[in-house]
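Visitor: Structure incoming, see below.
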Amino acid sequence: MADIKLNAGDRHRLDITETAAPPPPLSDVNENSRKKKNRVASVDIFRGLTVALMILVDDAGGEWPIIGHAPWNGCHLADFVMPFFLFIVGIAIALALKRIPDRCIATKKVILRTLKLIFWGLLLQGGFSHAPDKLSYGVDMKNIRWFGILQRIALAYFIVGMLEIATQGAQAKELPPACFSIYKLYFWHWLFGACVLIVYLAVIYGTYVPTWQFTVHNAGSPDNGKILTVACDVRGKLDPPCNAVAYIDRQVLGINHMYPHPAWKRSKACTKRSPYEGPFKKDAPSWCWAPFEPEGILSSISAILSTIIGVHFGHVLIQMKDHSSRLRHWIVMGLGLVVLGIVLHFTDAIPLNKQLYTFSYVCVTSGAAALVFSFFYIMVDILRLRFVFMPLEWIGMNAMLVYVMAAEGIFAGFINGWYYDGPHNTLIYWIQKHIFIDVWHSRRVGILLYVIFAEILFWGMISGILHWLGIYWKL
């Protein structure tokens, strides 16, 4: 389902063809000189950063809750990962589909890649893989998790990709000099985004959520098998038990097919150890035991907005030919989105919430992605300080490989399969304990350093070797 390609010439699908940016003073190259294929290194570096952040928050977030997902409202470091993925997918859509003028071929590529993403999402996050800690595979189809990270990316990629193909004629036009001309040029993208937002807000605030029941499925808990009731009978609530996002997922997906370990289990309402995981309080509300799908149906519809904003940044990269125009547009838009999202949150209009993928969350995270991407663009594509970020760039070139092997723990699971005396006496546990934890006399610091050096930097080096060999894993 995925292709391992050896190709030293066309190393990824995010190359763009554009006229050369304004040359240095000593050069007298004409602006209309022949076009050449330029690699936008900041795209790879941003993608590599996103994968590295996912590894960091997944593997060190348990010891450092401040970088893990917020239990409910709020925005921690982990909550930026998914929007960053969707943002860079948007940029990639604009750049890749620009090079495929034939709509039939482009449509085929989008559909095929969407199916591959769904396949890998079900395989890695549907419950089949138990890596890295459990040395077993297989999933009861009665409990398979239908939605996940790659499935959400697949949905956004397919919807925005098809929109881009349908409006391909806009890219052939010259950009007028007016301030908002690029918005007019891609009017249909913004109209579609507005429709997505209206539908999302109408459903999340207008859906009636009745009282519901569920059965606790936790073999290690004395509450296993209990039937609990959650009282709702409300409309427009954005709290954990009675929001429309979870209600729609329960009705459509089925509660057995939802994520059994939501971040809200670490909330103060559920455990005294909050923000760490821990035993539930005796008086914890019944919803603390319930599953919740953080990549569910309605929240994934809202997530399309992050990709639309990303594809707009790709359009800016294509249509605007000089660095200053691009950066001015990106930075102003990024700051505007961040400010709008913060205002919505702190005025209690719309809270920042990754689980619900609220509009304020879209604004803050997409604005942050815009500013981070602009920073990389300045440092790498303008100031040519590319060498500083080489490990991230290498990871970005082989993002799927690193995501599968490191972020999803497949490589660690393989290594843990070779143990001595018991499953917890493996090379990985030995390295964690003796090289990092014991040396620093702190599990928290040791795990953090292990993730940074033995996972992120390690896979950066592996990706660098593969890049040198011209080997890339592409969907």
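The values are calculated or read from the model by the stated rules, or taken from the named source; none is laboratory data. Given the structure is predicted, the values throughout are model-derived calculations rather than measurements. Note: ideal-geometry Cβ built from the backbone for every residue, glycine included; neighbour counts use all protein chains shown. Side chains are part of the model used for accessible areas, which takes the heavy atoms of the whole protein and leaves out ligands, DNA and RNA. Shrake-Rupley method; radii C 1.70, N 1.55, O 1.52, S 1.80 Å.
Visitor: Please pick out the residue among W394, W418, W473, W440 that is hydrophobic (A, V, I, L, M, F, W, C) and under 30 Å from S324 (Cα atoms).
Guide: Going through W394, W418, W473, W440 in turn, the sole match is W394.
Visitor: Which residues, taken from the range 337-361, are among the small types (G, A, S) and open to solvent by 40 Å² or more (accessible area, probe 1.4 Å)?
Guide: Of everything in the range 337-361, just one residue is among the small types (G, A, S) and open to solvent by 40 Å² or more (accessible area, probe 1.4 Å), namely A349.
Visitor: In the range 224-241, how many residues are closer than 17 Å to F280 by Cα and touching a Ser or Thr at 6+ places or on another chain (Cβ under 6 Å)?
Guide: Summing the residues that are closer than 17 Å to F280 by Cα and touching a Ser or Thr at 6+ places or on another chain (Cβ under 6 Å) in the range 224-241 gives 3.
Visitor: Exactly one of these conditions fails for M1: (1) at pLDDT below 80; (2) crowded, with 17+ Cβ neighbours inside 10 Å. Give me its number.
Guide: M1 satisfies all of (1) at pLDDT below 80; (2) crowded, with 17+ Cβ neighbours inside 10 Å except (2).
Residue-wise test of (1) open to solvent by 20 Å² or more (accessible area, probe 1.4 Å); (2) modelled with pLDDT of 95 or more; (3) of a type in the set (A, V, I, L, M).
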| residue | (1), (2), (3) |
| --- | --- |
| F292 | no, no, no |
| T307 | no, yes, no |
| L317 | no, no, yes |
| K321 | yes, no, no |
| R328 | yes, no, no |
| S366 | no, yes, no |
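Visitor: I've got another one for you. Would you confirm whether or not the range 440-448 contains a residue that is within 18 Å of the chain's Cα centre (by Cα) and either open to solvent by 30 Å² or more (accessible area, probe 1.4 Å) or not basic (K, R) (or both)?
Guide: Checking the range 440-448: not a single residue is within 18 Å of the chain's Cα centre (by Cα) and either open to solvent by 30 Å² or more (accessible area, probe 1.4 Å) or not basic (K, R) (or both).
Visitor: Same structure, new question: Given the criteria outside any helix (DSSP H, G or I), over 30 Å from the mean Cα position of the chain (by Cα) and over 23 Å from A303 (Cβ atoms), does K282 qualify?
Guide: So K282 passes the test.
Visitor: Tell me, which helices (runs of 4 or more DSSP H) lie completely within the range 104-223 with 1 or more residues that are in contact with a Ser or Thr (Cβ under 9 Å, 6 or more places away or on another chain) and either open to solvent by less than 50 Å² (accessible area, probe 1.4 Å) or touching a residue at least 60 places away in the same chain (Cβ under 8 Å) (or both)?
Guide: Per the criteria, 149-166, 187-206.
Visitor: Of the residues S360, S299, only one is under 29 Å from I227 (Cβ atoms) and not in a loop (DSSP other than H, G, I, E, B); which?
Guide: Going through S360, S299 in turn, just one is under 29 Å from I227 (Cβ atoms) and not in a loop (DSSP other than H, G, I, E, B): S299.
Visitor: Let me ask something else. Please find, among K474, K433, the residue that is open to solvent by less than 80 Å² (accessible area, probe 1.4 Å) and at pLDDT below 95.
Guide: Result of the check over K474, K433: K474.
Visitor: I'm checking my understanding of the structure. Among residues of the range 389-411 that are out of contact with any Phe, Trp or Tyr (no Cβ under 9 Å at 6 or more places or on another chain) and surrounded by fewer than 20 Cβ atoms within 10 Å (Cβ to Cβ), which one is farthest from A454 (Cα to Cα)?
Guide: Taking the candidates together, the pick is M390.
Visitor: Ok, one more. Looking for something open to solvent by less than 30 Å² (accessible area, probe 1.4 Å), assigned to a loop (DSSP other than H, G, I, E, B) and more than 21 Å from I350 (Cβ to Cβ) - is there at least one such residue anywhere in the range 239-253?
Guide: Yes, the range 239-253 contains at least one residue that is open to solvent by less than 30 Å² (accessible area, probe 1.4 Å), assigned to a loop (DSSP other than H, G, I, E, B) and more than 21 Å from I350 (Cβ to Cβ).
Residues checked against (1) touching a Phe, Trp or Tyr at 6+ places or on another chain (Cβ under 8 Å); (2) among the hydrophobic types (A, V, I, L, M, F, W, C); (3) modelled with pLDDT under 95:
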site: G336; (1), (2), (3): no, no, no
site: A369; (1), (2), (3): yes, yes, no
site: D381; (1), (2), (3): no, no, yes
site: F387; (1), (2), (3): no, yes, yes
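Visitor: Only one of these is touching a residue at least 40 places away in the same chain (Cβ under 8 Å) and open to solvent by less than 20 Å² (accessible area, probe 1.4 Å): I88, I66. Name it.
Guide: Matching residue, one of I88, I66: I88.
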